[in-house]
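Just below is one structure, and these are the notes that go with it.
The values are calculated or read from the model by the stated rules, or taken from the named source; none is laboratory data. Quick caveat: nothing in here was measured; it's all calculated off a predicted structure. Glycine also receives a Cβ, built like all others from the backbone with ideal geometry; neighbour counts cover every protein chain displayed.
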Amino acid sequence: MVEVPSAAIMADQLAHEIAFFSIGTNDLTQYTLAMDRLHPQLAKQADALHPAVLRMIDLTVKAAAKEDKWVGVCGGLAGDVKGAVILTGLGVSELSVSVPSIASVKAEIRTLSLVEMQRIAQKALQCSNAAEVRAL
């Protein structure tokens, strides 16, 4: 499980030892942004679409690809339609989505080509904040 920034940063080393990566976006977001996701005032700012979080995911996916390993994502970002598009564009192989979100996530992904999702994902990595990513 990649749930802390140190695991994402070390993904190139960890990739030699694992069969696959699973990224927990809820914890990864909390620890990357140093914001308690349960804090009443900070929770709404702990957005998994923040470019810092997306860059942690990108590091992990790239490290996995070099070793022919796959990456799955669980957590709120996988079930967010915008998040699912960006994750797919980054090269995530599997999204763990809650049952109520499956139809909307599948519908959104099917409206875009992989090239379009990759373009969106690359733009997202260059954004300054989550609001910019959501506006893509």
Please verify whether region 53-60 includes one or more residues that are touching a residue at least 40 places away in the same chain (Cβ under 8 Å), β-branched (Val, Ile, Thr), buried (at least 23 other Cβ atoms within 10 Å of the Cβ) and touching a His at 6+ places or on another chain (Cβ under 8 Å). no
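Residues of region 88-104 being farther than 24 Å from residue 64 by Cα and either exposed (fewer than 14 other Cβ atoms within 10 Å of the Cβ) or of a type in the set (A, V, I, L, M, F, W, C) (or both), which ones? Steps first, please.
As a first pass, look at region 88-104 and keep what is farther than 24 Å from residue 64 by Cα: 98-104.
Within region 88-104, 98, 99, 100, 102, 103 qualify.
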Filtering helices (runs of 4 or more DSSP H) wholly in region 66-126 for at least 1 residues that are under 16 Å from residue 22 (Cα atoms) gives 76-79, 81-90
Going through region 113-128 in order, the residues found to be surrounded by 14 or more Cβ atoms within 10 Å (Cβ to Cβ) and either modelled with pLDDT under 95 or farther than 18 Å from residue 61 by Cβ (or both) are none
Of (1) in contact with a helix residue (DSSP H, G or I) (Cβ under 7 Å, 6 or more places away or on another chain); (2) at pLDDT 95 or above; (3) within 22 Å of residue 122 (Cα to Cα); (4) not acidic (Asp, Glu), residue 62 fails just (1)
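Tally time: how many residues in region 36-56 are hydrophobic (A, V, I, L, M, F, W, C), in contact with a helix residue (DSSP H, G or I) (Cβ under 8 Å, 6 or more places away or on another chain) and at pLDDT below 90?
Filtering region 36-56 for residues hydrophobic (A, V, I, L, M, F, W, C) gives 38, 42-43, 46, 48-49, 52-54, 56.
Checking the rest, the ones that are also in contact with a helix residue (DSSP H, G or I) (Cβ under 8 Å, 6 or more places away or on another chain) come to 46, 48-49, 52-54, 56.
Subset that is at pLDDT below 90: 46.
Residues that pass the stated criteria total 1.
Select from region 20-35 the residues that are touching a helix residue (DSSP H, G or I) at 6+ places or on another chain (Cβ under 7 Å), without any contact (Cβ under 8 Å) to a residue 40 or more places away in the chain and not in a helix (DSSP H, G or I) and list them in ascending order.
The answer is 35, and nothing else.
With the structure loaded, tell me whether residue 17 is free of Cβ contacts under 8 Å to residues at least 60 places away in the same chain, touching a His at 6+ places or on another chain (Cβ under 9 Å) and not aliphatic (A, V, I, L, M) or whether it fails that test. Lay out the reasoning, then the answer.
Details: free of Cβ contacts under 8 Å to residues at least 60 places away in the same chain: yes; touching a His at 6+ places or on another chain (Cβ under 9 Å): no; not aliphatic (A, V, I, L, M): yes.
For residue 17, the condition - free of Cβ contacts under 8 Å to residues at least 60 places away in the same chain, touching a His at 6+ places or on another chain (Cβ under 9 Å) and not aliphatic (A, V, I, L, M) - is not met.
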Worksheet item: Within region 33-48, is even one residue buried (at least 17 other Cβ atoms within 10 Å of the Cβ) and within 21 Å of residue 108 (Cβ to Cβ)?
Response: yes
